[in-house]
Amino acid sequence: MKTPPLAPHAACPCGSGHTYADCCGRWHAGHLQGQTAPTPEALMRSRYSAYVLGLIDYLLATWHPSTAPGELALQPVKWLGLEVRHAQATGDAGVVEFVARYREGGKGARMHEVSRFVREGGRWLYIDGTAPEDS
């Protein structure tokens, strides 16, 4: 088994208040065995943590094939925190509104996004995200 990117007892980067092993770590470790995030919010949190930890394979595996980039290069940013403002799932469609704070080139910034998700074959996938009109 591949070594986890964080100690299992460490705080999860997504800010849930749970340990990495009890939160995003189980989706990161289990996605190849079919263990997937059960809700759009859980998937969004695990994707945020994947950005923090540089898990490109996980990000690509959880992106819907219709919108996924062929390759992904992560920007050299320092992720500082995540706030989930709203999460909803109706049938096989879901949305999550969040604000992610980061530092790039010594300057603080934030990304405010409403992400869309779809459930296919029993697993949630990220489709795309847009900035809300009020941000």
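The values are calculated or read from the model by the stated rules, or taken from the named source; none is laboratory data. Just so we're clear, the structure is a prediction, and the values are computed from it rather than from any experiment. As a convention, Cβ positions derive from the backbone with ideal geometry for all residues, glycine included, and neighbour counts pool all protein chains shown.
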Scan of region 60-88 for residues that are within 21 Å of GLY15 (Cα to Cα) and not in a loop (DSSP other than H, G, I, E, B), ordered by number = LYS78, TRP79, LEU80, GLY81, LEU82, GLU83, VAL84, ARG85, HIS86, ALA87, GLN88
In this structure, is VAL96 surrounded by 18 or more Cβ atoms within 10 Å (Cβ to Cβ) and aliphatic (A, V, I, L, M)?
-> yes
Residue set ALA42, ALA29; condition surrounded by 16 or more Cβ atoms within 10 Å (Cβ to Cβ), out of contact with any Leu (no Cβ under 9 Å at 6 or more places or on another chain) and at pLDDT below 95; output residue ALA29
Quick one: count up the residues across region 99-108 that are modelled with pLDDT under 95 and surrounded by 11 or more Cβ atoms within 10 Å (Cβ to Cβ).
-> 1
Qualifying positions in region 111-127 - surrounded by fewer than 14 Cβ atoms within 10 Å (Cβ to Cβ) and touching a strand residue (DSSP E or B) at 6+ places or on another chain (Cβ under 8 Å) | none
Taking region 1-14 and keeping only residues that are surrounded by fewer than 17 Cβ atoms within 10 Å (Cβ to Cβ) and either among the aromatic types (Phe, Trp, Tyr) or in a loop (DSSP other than H, G, I, E, B) (or both), one is left with MET1, LYS2, THR3, PRO4, ALA7, PRO8, HIS9, ALA10
Options GLY54, GLY106, GLY91; residue that is among the small types (Gly, Ala, Ser) and within 15 Å of PRO13 (Cα to Cα) = GLY54
